[in-house]
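Trainee: The following block contains the structure, expressed as structure tokens.
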Amino acid sequence: ICGICPVSHHLAAAKATDMLVGTTQLTPTAEKIRRLMHYGQTLQSHALHFFHLCSPDLLFGFDDEIRHRNIVGVIEDHPEIAKQGVLLRKYGQEVIRLTCGKRIHGTGAIPGGVNKSLNRDEINYLQKDIGQIVQWGQDAVELIKRIFFEQLDYHMAFASIDSNMLSMIGAYGEFDIYDGGLRATDANGAIIFDHVDPGHYNDYLREGVKNWSYMKFPFIKFLGAEQGWYRVGPLARVNNCDYFSAPLAEAQRRIFKDAGHGRPVQATLAYHWARLIELLYCTEAIRDLLLDPDISGKELLNKGDLQHCGIGVIEAPRGTLFHHYEMDDDGIVNKANLIVSTTNNNQAMNKSIRQVAGQYLDGQQLTEPLLNQIEVAIRAYDPCLSCATHTAGQMP
């Protein structure tokens, strides 16, 4: 579907087709290889987004000259930061290559499991640099905290909106981006629904359509379209979870949580902060999985009796991703519905743009720095429109 986060769609599709082929539980090796694949994907995506696309705004200011406000400017003025960003992303790509077969549109996951595990040489190769990768993950979080706290009031207020939040969480409320139940909270952090089986997402979420957009507008069913829109992604996930199982990320989550003074952190720019806490978590999770003997196991596949409906849900880097397939008795898929991360954030992005425009644009004059304020708000969500749009009306 998309070359930006192909692993996320690959795994959501795999989880949906697991159900179609009757797989109720993966082998330990298959689940851990898929998790490793997903952590590598999230690591590389977050590194790309923060260091390449957003750090120029945050390091140089939103009104810096265009010729300097880019990754080349970062390389010139902050070579060590740029180097860490490039190498963090490269490491994530290598994890994907070894678990998925190739870096883009890999084939590692198959219905009911995976098609390969890791051998000793591959594990040794990834273990060689993991200590440095974890350290750079810590450095990245310290960098965004320094930037954030230097102008705390500004960063907390810019494009800030109060919203509901939706994410997947583990069985005990822990942070989990591969598997778990759905949790939704309101703007004050109160639970709307919790530990919902993702296979029943249709009972809780609806998708609105408007005649002026190619994107759908999802909302929480019983709150209605006006009150039920929500945000997904790093900000929602770090706010919604009760704890991280990885100690370094958990220590950073507590600092992040304190910034909300008892409420969820609603600042749109805090997406960057949450994103780098997740990046750190992925480095720790990869390090721990590389010590797990299951990732070189030989039991790769489970299958059962064919089913007619398969629903796969995963936390892609940009947020909660739904794949829903239905097939007939001949095994032909006759219905497929996707709700992708950027679609889930659609209404929230519109609200954030409106807030920034109302604050900074006077309706008289448009300058590049003023327009960049709008872009900064959008970039915080890390939107990926290539798979968030749909055809209006009948397909030709």
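Trainee: Looking at (1) assigned to a helix (DSSP H, G or I); (2) among the small types (G, A, S); (3) at pLDDT 90 or above, which is the one condition that is false for G358?
Mentor: It is condition (3) that G358 fails.
Trainee: Can you confirm whether the range 239-249 contains a residue that is in contact with a Phe, Trp or Tyr (Cβ under 7 Å, 6 or more places away or on another chain), closer than 18 Å to L166 by Cα and in a helix (DSSP H, G or I)?
Mentor: no
Trainee: Let me ask something else about it. From (1) open to solvent by less than 40 Å² (accessible area, probe 1.4 Å); (2) touching a residue at least 60 places away in the same chain (Cβ under 8 Å); (3) within 18 Å of G173 (Cβ to Cβ); (4) of a type in the set (D, E), pick out the condition that doesn't hold for D242.
Mentor: (1)
Trainee: Next up: Within the range 226-237, identify whether any single residue is part of a helix (DSSP H, G or I) and open to solvent by 20 Å² or more (accessible area, probe 1.4 Å), and answer yes or no. Steps first, answer last, please.
Mentor: Of the residues in the range 226-237, the ones part of a helix (DSSP H, G or I) are 226-227, 234-237.
Applying the additional criterion that residues be open to solvent by 20 Å² or more (accessible area, probe 1.4 Å) yields 226-227.
Scanning the range 226-237, I find at least one residue that is part of a helix (DSSP H, G or I) and open to solvent by 20 Å² or more (accessible area, probe 1.4 Å), so the answer is yes.
Trainee: Now for a separate question. Take I33 and tell me if it is among the hydrophobic types (A, V, I, L, M, F, W, C) and open to solvent by 30 Å² or more (accessible area, probe 1.4 Å).
Mentor: Working: among the hydrophobic types (A, V, I, L, M, F, W, C): yes; open to solvent by 30 Å² or more (accessible area, probe 1.4 Å): no.
So I33 does not fit the description; no.
Trainee: Which of the residues spanning the range 190-242 are in contact with a Lys or Arg (Cβ under 8 Å, 6 or more places away or on another chain) and at positive phi?
Mentor: H195, G233
Trainee: Okay, next question. Take the conditions within 26 Å of I33 (Cα to Cα), of a type in the set (A, V, I, L, M), open to solvent by 10 Å² or more (accessible area, probe 1.4 Å) and within 17 Å of the chain's Cα centre (by Cα) and apply them to A249. Does it pass?
Mentor: On the way: within 26 Å of I33 (Cα to Cα): yes; of a type in the set (A, V, I, L, M): yes; open to solvent by 10 Å² or more (accessible area, probe 1.4 Å): no; within 17 Å of the chain's Cα centre (by Cα): yes.
No.
Trainee: Restricting to the range 252-265, and then to whatever is buried (at least 18 other Cβ atoms within 10 Å of the Cβ) and touching a residue at least 24 places away in the same chain (Cβ under 8 Å), can you tell me which residue is nearest to A159 (Cα to Cα)?
Mentor: Going through the qualifying residues, I end up with V265.
Trainee: For the range 84-97, give me each residue that is open to solvent by 20 Å² or more (accessible area, probe 1.4 Å) and within 18 Å of K145 (Cβ to Cβ).
Mentor: Answer for the range 84-97, where residues must be open to solvent by 20 Å² or more (accessible area, probe 1.4 Å) and within 18 Å of K145 (Cβ to Cβ): just Q84.
Trainee: Report, ordered by the first and then the second residue, all pairs with beta carbons closer than 9 Å, sequence separation of six or more or different chains, a first member in the range 112-130 that is closer than 25 Å to A12 by Cα, and a second member that is surrounded by fewer than 21 Cβ atoms within 10 Å (Cβ to Cβ) and among the basic types (K, R).
Mentor: G112/K303; G113/K303; S117/K298
Trainee: Next question, about the same structure. Could you tell me whether any residue of the range 347-355 is under 30 Å from M37 (Cβ atoms) and assigned to a helix (DSSP H, G or I)?
Mentor: The first filter runs over the range 347-355 and keeps only residues under 30 Å from M37 (Cβ atoms), leaving 348-349.
Next, only the ones that are assigned to a helix (DSSP H, G or I) stay: 348-349.
Yes, the conditions are met somewhere in the range 347-355.
Trainee: Of the conditions (1) buried (at least 18 other Cβ atoms within 10 Å of the Cβ); (2) outside any loop (DSSP other than H, G, I, E, B), Q127 fails just one. Which one is it?
Mentor: (1)
Trainee: Restricting the first residue to the range 13-26 and requiring it to be surrounded by fewer than 23 Cβ atoms within 10 Å (Cβ to Cβ) and among the polar types (S, T, N, Q), which pairs with a second residue that is at pLDDT 95 or above and part of a helix (DSSP H, G or I) meet a Cβ separation below 6 Å and a spacing of at least six or different chains?
Mentor: none
Trainee: Taking the range 62-83 only, how many residues are free of Cβ contacts under 8 Å to residues at least 24 places away in the same chain and either β-branched (V, I, T) or loosely packed, with under 13 Cβ neighbours inside 10 Å (or both)?
Mentor: So the answer is 9.
One line per residue, one yes/no per condition, for (1) under 25 Å from A251 (Cα atoms); (2) of a type in the set (D, E, K, R):
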| residue | (1), (2) |
| --- | --- |
| G73 | no, no |
| D77 | no, yes |
| L87 | yes, no |
| C100 | no, no |
| G106 | no, no |
| I123 | no, no |
| G131 | yes, no |
| D139 | yes, yes |
| L143 | yes, no |
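Trainee: Follow-up. Among the residues of the range 84-106, which ones are farther than 17 Å from Y39 by Cβ and without any contact (Cβ under 8 Å) to a residue 12 or more places away in the chain?
Mentor: K102
Trainee: Which of the residues that make up the range 45-56 are open to solvent by less than 10 Å² (accessible area, probe 1.4 Å) and not hydroxyl-bearing (S, T, Y)? Quick ask: steps written out before the conclusion?
Mentor: Residues of the range 45-56 that are open to solvent by less than 10 Å² (accessible area, probe 1.4 Å), as a first pass: 45-47, 49-51, 54-56.
Matches in the range 45-56: H46, A47, H49, F50, F51, C54, P56.
Trainee: Restricting the range 131-185 to residues that are closer than 30 Å to H200 by Cβ, touching a Ser or Thr at 6+ places or on another chain (Cβ under 7 Å) and not in a strand (DSSP E or B), which is least open to solvent (accessible area, probe 1.4 Å)?
Mentor: So, considering only residues that are closer than 30 Å to H200 by Cβ, touching a Ser or Thr at 6+ places or on another chain (Cβ under 7 Å) and not in a strand (DSSP E or B), the one least open to solvent (accessible area, probe 1.4 Å) is I177.
Trainee: Tally the residues that are open to solvent by less than 50 Å² (accessible area, probe 1.4 Å) and either in contact with a Leu (Cβ under 9 Å, 6 or more places away or on another chain) or among the polar types (S, T, N, Q) (or both), restricting the search to the range 364-380.
Mentor: 8
Trainee: Looking at A14, is it within 19 Å of the chain's Cα centre (by Cα) and modelled with pLDDT of 95 or more? Don't jump to the end; show me each part of the working.
Mentor: On the way: within 19 Å of the chain's Cα centre (by Cα): yes; modelled with pLDDT of 95 or more: yes.
It is true that A14 is within 19 Å of the chain's Cα centre (by Cα) and modelled with pLDDT of 95 or more.
The values are calculated or read from the model by the stated rules, or taken from the named source; none is laboratory data. This structure is a prediction, so every number in the text was calculated from the model and none was measured. Because the Cβ atoms are built from the backbone with ideal geometry, glycine has one as well, and the counts that use them run over all protein chains shown. Just so you know, the surface numbers come from the protein's heavy atoms only, side chains and all, with ligands and any DNA or RNA stripped out. Shrake-Rupley method; radii C 1.70, N 1.55, O 1.52, S 1.80 Å.
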